[in-house]
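Asks: Structure incoming, see below.
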Ligand code: AMP
């Protein structure tokens, strides 16, 4: 998939893009859009879910503490998540901006992020001001039944991370990644019983972020039921045009 010409033409490789947040329920397409944005704007995709799953797979202390909570579909405590995120955001590849997928997930996390960014702007001075500017927030809104179908059909490649959907975007060969032929896997927390818990957690804890960010004029809502290319076009337009206040 290629980016729209108008977006590509305005992207300079050295341009400071700043922080971008993708907000949406599980299955709304955050991972897919984050990968497209990351590639086009040459900034890192920071998915807290991926970082936590990686810690679980490597059996780190953080992974051991998070595993059971993630398996139930609950949110991992802030103490663990915020340390992990601040470490990641201070890495060198974030100096032109970054795209957050799955973070913040609560108003407390959003407030923490605003103070973190403000502190980085002060500490790092004028060279990093734009990289740690107030974020542009893109909300992907998707119908509840669509979400269920997307999550039930979601498979990913353990080698390259590419995401498929057995109903909507199947691989060319059943069960195998188009890019590297690896056997596709289903996330443990994409099972039906856990999905209901994750959607509940989203409604109760993450949806209030829509008010938090819209009052600052930083939120753009995109209809995530549209084809991937159209969602991408509108997301790119938001990145180009929203004022960071
Ligand atoms: P995701 O891949 O974003 O759907 O995240 C998978 C799971 O990781 C979630 O159901 C939570 O258990 C945990 N998780 C991911 N991001 C966060 C976060 N920002 N705060 C707390 N828990 C998180």
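Asks: From the list 118, 111, exactly one residue is at pLDDT below 95, within 30 Å of residue 130 (Cβ to Cβ) and either exposed (fewer than 14 other Cβ atoms within 10 Å of the Cβ) or under 19 Å from the mean Cα position of the chain (by Cα) (or both). Which is it?
Replies: When all the criteria are applied, what remains is 118.
Asks: Check 52, 100 and return the single one that is near the ligand (Cβ under 8 Å from one of its atoms) and buried (at least 19 other Cβ atoms within 10 Å of the Cβ).
Replies: 52
Asks: Mind telling me which of the residues 104, 171 ends up being part of a loop (DSSP other than H, G, I, E, B), modelled with pLDDT of 90 or more and within 28 Å of residue 64 (Cα to Cα)?
Replies: 104
Asks: Just one of the numbered conditions (1) within 20 Å of residue 36 (Cα to Cα); (2) out of contact with any helix residue (DSSP H, G or I) (no Cβ under 9 Å at 6 or more places or on another chain) is not true of residue 135; which one?
Replies: (2)
Asks: Within the set of pairs 6 or more residues apart or between chains, which connect a residue that is touching a residue at least 60 places away in the same chain (Cβ under 8 Å) and closer than 12 Å to residue 23 by Cβ inside segment 87-109 to a residue that is more than 7 Å from the ligand (Cβ to nearest atom) and part of a loop (DSSP other than H, G, I, E, B) with Cβ atoms less than 8 Å apart?
Replies: 99/43; 99/44; 100/135
Asks: Inside segment 129-147, can you point out the residues that are surrounded by fewer than 17 Cβ atoms within 10 Å (Cβ to Cβ) and out of contact with any strand residue (DSSP E or B) (no Cβ under 6 Å at 6 or more places or on another chain)?
Replies: 129, 143, 144, 145, 146
Asks: Also: Among 46, 37, which is part of a helix (DSSP H, G or I), crowded, with 20+ Cβ neighbours inside 10 Å, touching a residue at least 12 places away in the same chain (Cβ under 8 Å) and more than 9 Å from the ligand (Cβ to nearest atom)?
Replies: Only one candidate qualifies: 37.
Asks: Please verify whether segment 74-81 includes one or more residues that are under 22 Å from residue 38 (Cα atoms) and buried (at least 18 other Cβ atoms within 10 Å of the Cβ).
Replies: Checking segment 74-81: at least one residue is under 22 Å from residue 38 (Cα atoms) and buried (at least 18 other Cβ atoms within 10 Å of the Cβ).
Asks: Could you list all residues from segment 201-245 that are assigned to a helix (DSSP H, G or I), over 20 Å from residue 151 (Cα atoms) and in contact with a strand residue (DSSP E or B) (Cβ under 8 Å, 6 or more places away or on another chain)?
Replies: Residues satisfying the conditions are 209, 210, 213, 234, 235, 238, 239.
Asks: Now a separate question. How many residues are modelled with pLDDT of 95 or more and either closer than 17 Å to residue 186 by Cβ or within 8 Å of the ligand (Cβ to nearest atom) (or both) if we restrict to segment 57-66?
Replies: Of the residues in that region, 1 qualify.
Asks: Could you list all residues from segment 67-81 that are in contact with a helix residue (DSSP H, G or I) (Cβ under 7 Å, 6 or more places away or on another chain) and near the ligand (Cβ under 9 Å from one of its atoms)?
Replies: Once the filter is applied, which keeps residues that are in contact with a helix residue (DSSP H, G or I) (Cβ under 7 Å, 6 or more places away or on another chain) and near the ligand (Cβ under 9 Å from one of its atoms), segment 67-81 yields 70, 71, 72, 73, 74, 75, 76, 78, 80, 81.
The values are calculated or read from the model by the stated rules, or taken from the named source; none is laboratory data. Computed from a predicted structure; not experimentally measured. Cβ: placed from backbone, ideal geometry, glycine included. Neighbour counts: every protein chain shown.
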